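Have a look at the structure below before the remarks.
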Amino acid sequence: MKKMFLLLTLVISVNIAANAQTVINLEAARLLAITNSHSLAQADVSIQRALLSERSHFYSLFPSISSRYSASIDYLGVNQDGNPKFLNPADTFRAGVSLSLSYSLQLGGGDFIQRTINQISSESARVAALKEYFSVLDSVDRAYYAVLKSIADLQSAESSLEASNRTLTVAQVRHSNGMMNQIDFLSAQADKETTENSRNRLQRELSLNVIYLKDLIGVQEDLVLEPVDFDKYDEALRRLAVISNEEADSLFTELWSIMTSNNPDLRRAALSNQSAELTYTNNVRSRYAPSLSVSLGFGDILSYSSADGFSGPSRYSGSISIGGTIPIEVWKETNWLESQRITRDNTLDSYASTLRTSQNNLLSVLYGILNQASSVLSSRRSLEIEENRYAGTMERYMLSQSSVSDLGNAARSLMNSQNNLNSANYSFLQSLSTLRSYCALDDEQRLIQALLGK
């Protein structure tokens with residue numbers, strides 16, 4: 001309810017009618033995506049169905065109560081001579097209500113085991129919804145980061161295009177004055193065309209990423225995204241970039257502990273394992289355990305007739321029975337029991353496989369984060385070097401001490417360094433989102449604290 005209130009406040013406050021723009025941050029995009037998700041709505045329906053099924057079986061454990069009513073009249077009878085005669089229906093009216101109660105119980109406890117199985121199914125539906133919840137968060141995070149990365153790459157391309165235009169302007173002056181040969185002038189033109197084409201490609205890529213994000217969050221207006229504050233990740237980046245093997249192993253152990261408690265896939269696998277064990281037990285017990293049935297009946301608990309008026313119960317009935325089956329065809333029973341056991345063992349094996357896969361996934365994303373943290377820091381240093389190199393080359397070019405080719409190479413290296421930093425930054429953030437989903441942590445700050453070893 002708190003998130004829905006925040007979302008409502010957001011939707012009201014961020015819409016700017018004058019220019020039809022929506023200013024949005026990552027948290028708001030997540031809330032909008034959750035509200036707009038059809039898959040989450042379907043998961044909620046699955047939960048409701050599971051709860052109804054659980055209640056249905058729970059109600060079946062209660063005694064069954066049924067009632068019946070009847071009414072009749074006679075319009076034809078016989079007189080003392082045995083000849084037919086018509087009767088007055090008002091004199092022959094009769095009506096009554098009967099009631100019966102019955103209760104059946106499996107003495108082997110199968111009914112209560114089945115109730116537990118249904119409870120597990122309801123919990124499994126909730127866990128499936130939790131997985132879908134984090135899947136939606138992953139999708140919107142990736143879409144949001146993709147837009148920001150496209151914006152950063154486009155800004156880099158725009159800067160590079162401006163530099164190419166400046167280079168071409170100087171080249172045109174020098175070429176017209178005979179200070180530059182034709183080959184260098186054509187090289188400056190080619191660099192400008194290449195950079196412009198790259199800029200145009202990035203513009204199209206940005207448009208596609210924005211369309212995808214808008215579809216996820218259900219917004220039609222133009223979007224203005226708030227940038228990510230990379231400073232809040234700086235401490236984690238610096239620690240993860242230089243972490244030792246022993247510290248990495250310790251971090252993996254801590255994250256695996258969180259993951260085994262929260263991860264939806266592991267929780268569903270554990271629930272399936274528990275359900276398979278109970279189903280096997282229940283199937284065996286229900287096949288051989290006897291059933292106890294108790295019934296009690298009240299015939300005509302309230303009756304009325306034109307002749308006698310109202311009267312109380314006229315008939316009572318009650319019974320208690322115990323019944324079960326005795327297997328005679330042993331070969332068939334043995335085969336049936338073996339099939340039930342194989343079904344159970346297959347589920348147990350799937351659980352073990354899920355554990356191994358989850359461990360490998362966690363190890364992979366953790367090592368990816370460590371590599372990306374190192375890449376972010378090295379890309380920062382590389383960008384600083386390339387910025388100084390480009391500035392120095394441009395200065396020498398203005399003094400005719402460097403060629404167009406030298407300046408073009410420096411500009412391309414600068415743009416590549418900027419793009420590498422963009423890729424490293426947003427790859428790191430996307431990996432954090434993946435790790436958050438593995439650990440099923442709604443609070444990103446708690447994840448950062450775990451990465452810092454706090």
- Query: Out of residues 5 or more away from Thr22 or on other chains, whose amide H comes under 5 Å of its own, with H placed 1.01 Å from N in the peptide plane?
  - Reply: Asp222, Leu223, Val224
- Item | Ser257/Ser135 FRET efficiency (R0 35 Å; Cβ-Cβ; nearest 0.05) | 0.95
- Item | Listed peptides 380-388, 175-183 by packing density, highest first (mean Cβ within 10 Å) | 380-388, 175-183
- Just rank Val228, Val365, Val147, fewest to most, by other beta-carbon atoms within 10 angstrom. Val228, Val365, Val147
- Between Val23 and Leu87, what is the FRET efficiency for a Förster distance of 60 Å, r being their Cβ-Cβ separation, to the nearest 0.05? 0.10
- Query: Taking a ≥ b ≥ c as the square roots of the eigenvalues of the Cα gyration tensor of region 208-285, is the shape rounded (a/c under 1.5), prolate (a/b larger than b/c) or oblate?
  - Reply: oblate
- How far, in nm, would the chain grow between Val45 and Ala352 when pulled straight, counting 0.36 nm per residue and subtracting the alpha carbon separation? 107.6 nm
- Between Gln80 and Glu162, what is the spin-label point distance in nm, taking each point 7 Å from the Cα along the Cα→C-beta axis? 12.6
- Message: Net charge within 14 Å of Tyr397 by Cβ-Cβ distance, Lys/Arg positive one each and Asp/Glu negative one each, not counting Tyr397 itself?
- Response: 0
- Query: For Asp141, Asp184, Asp215, what ranking results if the residue with the fewest other Cβ atoms within 10 Å of its Cβ goes first?
  - Reply: Asp215, Asp184, Asp141
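We did not get these values from a lab; they are worked out from the coordinates using the rules stated. Everything quoted here is computed from the prediction, not taken from an experiment. Using ideal geometry, Cβ is built from the backbone for each residue, glycine included, and neighbour counts are taken over all protein chains shown.
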